[in-house]
Amino acid sequence: MTTNHTSLILDIETFSTVNLGKAGMYRYAQDPTFEVLLLSYSWDTGPVQNIDIASGEAIPADVLAALDDPEITKWAFNAAFERTCLSAHLGRQLQPVGWRCHMVWAAALGLPLSLDGVSKALKLESGKLATGKDLIRFFSVPANPSLLNNGLNRNLPGHAPDKWEQFKTYNARDVEAELELHAKLSPFPLPEQLWREYWDDQTINDRGIHLDLDLASAAIELDKQVREKNLARSSQLTGLDNPNSPLQLKDWANQRGITMATMGKQEVQDTLTSTSDPVVKEVLALRLELSKSSVRKYEAMTTSANPTDQRARGLMQFHGAARTGRWAGRLIQVQNLPRNYLPDLDAARALVKDRNLTALEMLYDSVPDVLSQLIRTAFIPREGCEFIVADYSAIEARVIAWLAGENWRLDLFGRGGDIYCQSASQMFGIPVEKHGANAHLRQKGKIAELACIAQGELVLTDHGLVPIEEVTRAQKVWDGTAWVSHEGVIYKGERHVITYQGLTATPDHLVWVEGQSEPVPFGQAATSGAHLTISADGRHPIRVGENHQPRKTLVQELEPLPSTHPVCGVRENLLDRTQQPATWRVQGLPILFETQDCAQVVGSTFDCCQTTVHEPQRPELRQVWRTGHRVPFPLHPSSRLVGDGQSSAAQPSVRVGSDRHQWTLRAGKPTHGHQERKPGQPQEHRALPLRTPLLALQPASCHEKTLPRLQSRANHRTSTQSNDRATQSLANHQRTARLYDIRNAGKHHRYTVSGHLVHNCGYGGSVGALENMGALRMGLQADELPGLVSAWREANPAIVEFWWAIDAAAQRCLTTGRPASTHGITFTRKAGILFCCLPSGRRLAYPGATITTGRFGRDVITYQGQNTAKRWDWIETYGPKLVENIVQATARDLLVHAIHTVEAKGWPVVMHVHDEIVIEIPKDTVTVEEVAAAMCQAPSWAEGLPLDADGYGCDYYRKD
């Protein structure tokens with residue numbers, strides 16, 4: 001039928017026994033129990049109509065006709081849900097063309113991704129009703145059988161007529177809120193190109209990707225068996241009923257002399273590396289194994305896939321990143337898949353699908369790790385097809401060079417050169433070749449380009465532990481000696497990282513290790529088995545850097561210090577400890593470091609961590625207390641009640657001085673001071689508690705003179721077999737992560753992340769940048785640094801100019817209210833929103849942007865957005881951070897263009913991850929070279945941008 005209407009705003013309420021949050025909207029709507037209950041709509045922003053479908057009312061013919069008419073614009077908040085559910089209700093697939101989404105519109109303007117959130121942010125009068133959640137729980141999800149619902153597993157309209165009328169009102173109110181939102185957003189229309197991108201995205205989500213559900217179900221079953229075995233073994237070792245209980249495990253560890261504040265992953269890993277107790281090591285290694293989540297993505301696969309065609313749909317959220325417009329992962333989270341590095345993926349997949357646990361345990365150190373690596377391989381093409389995977393090469397590095405006009409980089413990319421060699425060559429003014437002249441300088445160029453910390457790592461701030469990507473300039477960071485200011489977080493792209501002792505970073509990021517006066521590359525610390533410096537808790541300074549003293553001097557100096565036990569008056573923590581041989585196998589680390597003083601450890605597997613034991617002088621007992629004596633007992637962080645088996649958490653408040661409490665000693669075995677040893681039993685040197693700052697002073701490095709000769713693992717295979725099991729979870733596997741760093745963290749340029757002390761470096765750095773890159777460690781002298789401190793900036797002047805030109809243009813626009821342009825980027829301001837127009841024509845939005853005075857006395861830009869607590873708040877930004885947004889957004893626009901180009905050629909995209917696309921195509925019909933060439937067909941707005949792409953064909957998804 002014909003209609004004069006041009007737009008339709010609608011909202012529906014539904015029922016299904018499938019969990020929408022876990023299974024996704026496609027699986028939810030495909031379930032046999034699915035129903036559409038209510039439909040409210042408005043033609044051309046007119047009055048809202050409500051259709052009670054559950055009570056038998058039919059959808060009007062003009063609405064049904066509009067759903068299939070691409071000329072009539074259909075609006076909804078999260079329109080993908082309405083379109084998918086109505087498709088299931090009508091029994092035919094509604095095509096994306098003609099549909100538009102208020103959620104995408106709001107996200108493009110920097111607003112929250114929920115109707116409730118955006119209603120509050122914009123203070124809409126027609127906000128969502130507070131009773132909505134209760135009504136949805138009552139009518140839209142399964143219910144427990146009761147007298148009220150006649151023993152059924154759901155509540156029907158007739159079971160509660162009053163509530164049903166409220167539900168209808170709630171449904172209509174959502175359309176009213178969308179009408180008000182539509183009017184608010186109308187002054188800021190999105191370009192038609194963005195809606196075409198949205199339709200491409202919806203087509204890919206509708207298509208879905210085929211899954212190997214047999215592999216997924218086998219992995220879940222094997223993981224369950226491994227967990228049961230690990231729990232049984234842990235119970236056998238500890239004697240605990242529930243060894244997976246953090247509280248029980250902490251008490252058990254305390255009884256063996258190991259004090260742990262929590263059973264969190266980081267502290268477990270740190271304790272595992274510091275203790276010499278083989279039983280504790282095995283129990284903690286089992287704890288780490290039990291805490292792994294290697295099957296959660298497999299469970300998401302089995303939950304979200306359509307059982308009929310075994311395809312998972314709706315895995316990508318269009319414009320999920322509000323600031324840049326990049327996608328966000330949903331359900332299986334394909335943008336966060338573990339990296340695979342096993343050389344025999346085919347064999348591993350076959351063993352898992354055969355459910356052959358015995359063979360897996362014989363061939364691999366960690367079955368959970370194998371299952372984790374095989375997650376990618378569960379994405380498979382349908383029968384008769386293959387995947388072609390193609391991705392851009394160094395896309396963000398190319399984009400920033402193109403935007404900034406850094407011509408030497410553009411020329412290098414055009415020639416296919418090595419960015420690290422060329423960076424070092426530019427910095428030091430001499431030719432650098434990867435395996436030729438001045439090759440040793442390549443590492444300096446690499447550190448300048450790469451060294452970073454992985455997203456999600458926790459930085460110690462004066463506001464608590466904060467993920468590095470969310471640290472603000474208002475939060476001071478701990479540099480090991482004091483709380484220091486900094487100049488904000490910088491994004492460093494996405495690259496390979498390793499994990500060691502709870503820290504995840506690039507192998508070239510500089511870290512502090514025990515016993516060293518200078519920082520070393522993270523990968524070198526890992527391969528040498530060194531202990532990373534623990535930066536205490538933000539209350540107790542440690543000696544590091546220029547405060548470092550040689551070990552011998554330090555021991556002699558600290559020996560007389562009154563580090564005494566509060567009861568016995570005897571120093572409880574010795575500066576030295578016996579270090580038993582421990583096998584560290586570091587996987588995923590190529591030859592990273594060309595160094596003369598530690599060349600023998602590169603990429604090796606060896607035994608380490610033996611030191612010459614120093615016998616400290618022992619002070620005499622000042623007093624011996626006996627049973628019945630009243631003993632003053634001040635609070636001590638690692639103390640326990642005398643003669644009591646309870647943990648310190650159970651102690652009453654204790655004060656010191658004249659008000660301190662006293663307890664009467666009970667008869668029994670001593671719990672403090674020196675324990676009696678049986679004849680012939682060797683003296684036990686217990687590791688220092690993790691919270692003790694002096695732990696950072698203990699040497700464990702390949703540079704320590706007392707370190708014995710490194711021995712190969714093969715020579716100790718039998719004697720260290722049990723240690724292998726206990727430490728297998730420490731293997732340092734490479735994976736890809738988004739990377740960040742903190743700019744100019746105090747005068748020493750260091751901060752605490754994941755409990756360890758690291759240097760800031762690279763992007764946006766100023767004074768001390770070369771020192772942070774390891775200039776002193778690499779042979780440069782201190783007096784050389786003043787002339788080289790700005791080497792990276794001098795080598796990349798156009799990029800540095802770009803950072804601050806962007807900062808100045810944005811501030812100029814906010815100050816004058818007029819457009820301001822630089823480097824092809826234009827800032828405009830309208831109705832309180834700062835817009836950043838990209839070369840593609842798309843705009844980034846910063847709501848409420850204004851200029852304020854920052855903590856360093858400089859003018860900074862603040863805007864409104866969701867903070868770390870998902871609340872609407874003020875956020876600071878500045879030039880380099882704006883450049884990060886611009887570069888990421890431009891790379892996203894290039895990927896969008898590539899997807900459209902490939903789709904137009906009839907090559908269906910089934911998934912895309914960051915800067916990579918996955919095509920499902922009949923075998924031997926398209927070559928990798930053809931797909932890569934199509935990706936490199938730059939849009940008209942990207943003239944002069946040197947794109948490059950590469951790829952591979954495969955029978956299952958993997959990282960090539």
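None of the figures in this text is laboratory data; all of them are computed from the coordinates on show. Predicted, not measured: the structure shown is a model, and the values here were computed from it. Every residue, glycine among them, receives a Cβ derived from its backbone with ideal geometry; neighbour counts consider all protein chains shown.
Some observations on this one:
- Cα→Cβ-extended label distance, 7 Å offset, between Lys22 and Asp873, nm: 3.2 nm
- Rough spin-label spacing in nm, given labels placed 7 Å along Cα→Cβ, for Thr6 and Arg818: 3.5 nm
- If R0 equals 22 Å, the separation of the Cβ atoms of Val97 and Gln937 corresponds to a calculated FRET efficiency of about 0.40.
- Neighbour cut-off at most 15 other Cβ (10 Å), DSSP loop, chymotrypsin sites (Phe, Trp or Tyr not before Pro), segment 824-886: Phe856
- Considering all C-alpha pairs of segment 7-190, those separated by over 29 Å amount to 19%.
- Computed E for Thr131/Asp52 - FRET, C-beta separation, R0 22 angstrom, nearest 0.05: 0.75
- Distance (nanometres) between label positions extended 7 Å along Cα→Cβ at Ala474 and Thr169: 3.9 nm
- Kirkwood Rh and Cα Rg combined as Rg/Rh, segment 96-151: 1.19
- Using R0 = 56 Å, the C-beta based FRET efficiency linking Asp44 and Glu801 works out to 0.65.
- Count of lysine pairs in segment 7-190 with Cα separation under 17 Å (8 or more residues apart, or interchain): 9
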